[in-house]
Structure formats: structure tokens, C-alpha cells
Amino acid sequence: MRRAVFLDRDGVINRALERAGKPYPPTTLAEFEILPEVPAACAKLKAAGFCLIVATNQPDVGRGTLAQAVVEAIHTHMLSQLPIDRVEVCFHPGQGLSDCSCRKPKPGMLLQAASQLGLDLTQSWMVGDRWRDVDCGHAAGCRTVFVDYGYSEELKQKPDFSARNLGEAADIILAQYKK
């Protein structure tokens, strides 16, 4: 079985748009900006044999405030720039308007990718910048790295590690396999 690094999108892969201490996704392809350390971090993880999977909640589509075509265009661009193996997306609106198994903090996206790609979740990682990512990783049986931007949002569970960005998270993950 293979190991993977699951990556949240907004705030890990690309710059999140921050308003009032909370992160928001880009609403156009022009607003989508891959963070500077991300290409090298992805390349290092890929070279170490990790499958790279983006797992992202995009509830604005389910709420009708963002077109699914915009999200898909962003993902097409992201896949053309980075060695990502797969993108898992939950479009459900959340906020009590949907009850699905895929919306983080539930582990459905990770479980689906693991089943379809033959991944060992106990040897895999979830990297994210919100409490939902950490809780999702724990629920799936992965180790977790929290990218801490100091948002005005409390964690609900303690991550295994904390980092300033994906570059630092990649170094933490790779260091765990050299021991």
C-alpha cells in the first residue's frame, strides 16, 4: 500500500483571502495564487514517494455563491503547475444545510481516495490550516500538520505537528521517515 500527503487547498496550496481574521477561497482564477514554497515542497514529497492529494471543501458552490466551473478551472490550473495526483472536492453547503460524509471534518474524501488508490492512511498525512483539516486527518487515521496563520479560530484537536507553511510541513514529514 502507498502513503499519501493530503493537502488542504486554500491556505496550504494557495494564498487564502483573509477577512476579519478568517480565510476565504479565491472566487476567480485571477485570485488564485500558488504560495511560493509550494512547488518545491510538492516536488520533495513526490520524490520521497508520497501520493499528493488535495482535499478541499468548496461550500460556496453548494450555497450557490460560486460557480462550480470556476472551482474546476482553478483545479485545472493547479494541476498544470504542481505534481498533484488527485483532487477530492466536497461541494456540499455545510452550515447545517447538508449532511454528507465528505465535508471535512468528516474523513470521506480521504477514505474515498485511500480506497480507490490503495493508500495506507496510517502512513499518510493531512496538512491544513483550519481545525476541520486537523480533525479530518485524525478521523481518517492520518498524522496531521497544522499550518498556523493565527486565524481567529480555535483548534478542536491537537495536531501532531505545527508549521508556518507547506515547505516547513514537508520538512517535518520527511524528517519523520529518516528516523
At a 10 Å Cβ-Cβ cut-off, how would you order LYS104, LYS156, fewest neighbours first? LYS156, LYS104
Let me have the 222 nm mean residue ellipticity of the chain computed from DSSP H runs of 4+ only, each contributing -39500 (n - 2.57), with the sum over all residues rounded to the nearest 500. -9500 deg cm²/dmol
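Normalising by the residue count of the chain, find the relative contact order in percent from Cα pairs under 8 Å and 6+ residues apart. Spell out each step's value before the answer.
Values: 331 pairs, mean separation 44.2, N = 179.
Across the chain, relative contact order equals 25 percent.
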Residue by residue, what Karplus-based ³J(HN,Hα) values in Hz, rounded to whole numbers, does region 83-92 have, using 6.51, -1.76 and 1.60 with θ = phi - 60° and x for Gly and Pro? x, 7, 7, 6, 10, 9, 10, 9, 9, 5
Nearest 10 degrees, 0 to 90: what angle lies between the long axis of helix 108-117 and the longest principal axis of the chain (Cα atoms)? 50 degrees
Going by alpha carbons, how many degrees (0 to 90, nearest 10) lie between the helix axis of 131-140 and the longest principal axis of the chain? 50 degrees
What is the set of long-range amide H partners of ASN14 at a cut-off below 5 Å, with H atoms built 1.01 Å from backbone N? LEU35
Within 10 Å of each residue's Cβ, count the other Cβ atoms and sort CYS51, CYS136, CYS100 from fewest upward. CYS100, CYS51, CYS136
In Hz, Karplus ³J(HN,Hα) per residue of region 32-42 (6.51, -1.76, 1.60; θ = phi - 60°; x = Gly, Pro): 7, 10, 5, 5, x, 7, 5, x, 5, 5, 4
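Classify region 79-179: rounded, prolate or oblate, from the alpha-carbon gyration tensor (a ≥ b ≥ c, eigenvalue square roots; a/c under 1.5 rounded; otherwise prolate if a/b is larger than b/c)?
Working: a/c = 1.57, a/b = 1.18, b/c = 1.33.
In terms of gyration-tensor shape, oblate.
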Ordered by number, the GluC sites (Glu not before Pro) in region 1-99 that occupy a DSSP loop and have at most 15 other Cβ atoms within 10 Å are GLU33, GLU37
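Give the order of MET78, MET1, MET126, MET109 when sorted by the count of other beta carbons within 10 angstrom, beginning with the fewest. Please list the in-between numbers first.
Working: MET78 19, MET1 12, MET126 31, MET109 25.
The fewest-first ordering by Cβ neighbours comes to MET1, MET78, MET109, MET126.
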Using Cα atoms only, what is the angle between the long axis of helix 68-81 and the major principal axis of the chain, expressed in degrees (0 to 90) to the nearest 10? 30 degrees
Return, in residue-number order, each cysteine of the chain whose C-beta is not under 4.7 Å from any other cysteine's C-beta. CYS42, CYS51, CYS100, CYS136, CYS142
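All of the numbers you see were taken from the coordinates with simple rules; none came from a lab. Everything numeric here is computed off the predicted structure, so don't read it as measured data. Positions of Cβ are generated from backbone atoms using ideal geometry, with glycine treated the same way; all protein chains shown enter the neighbour counts.
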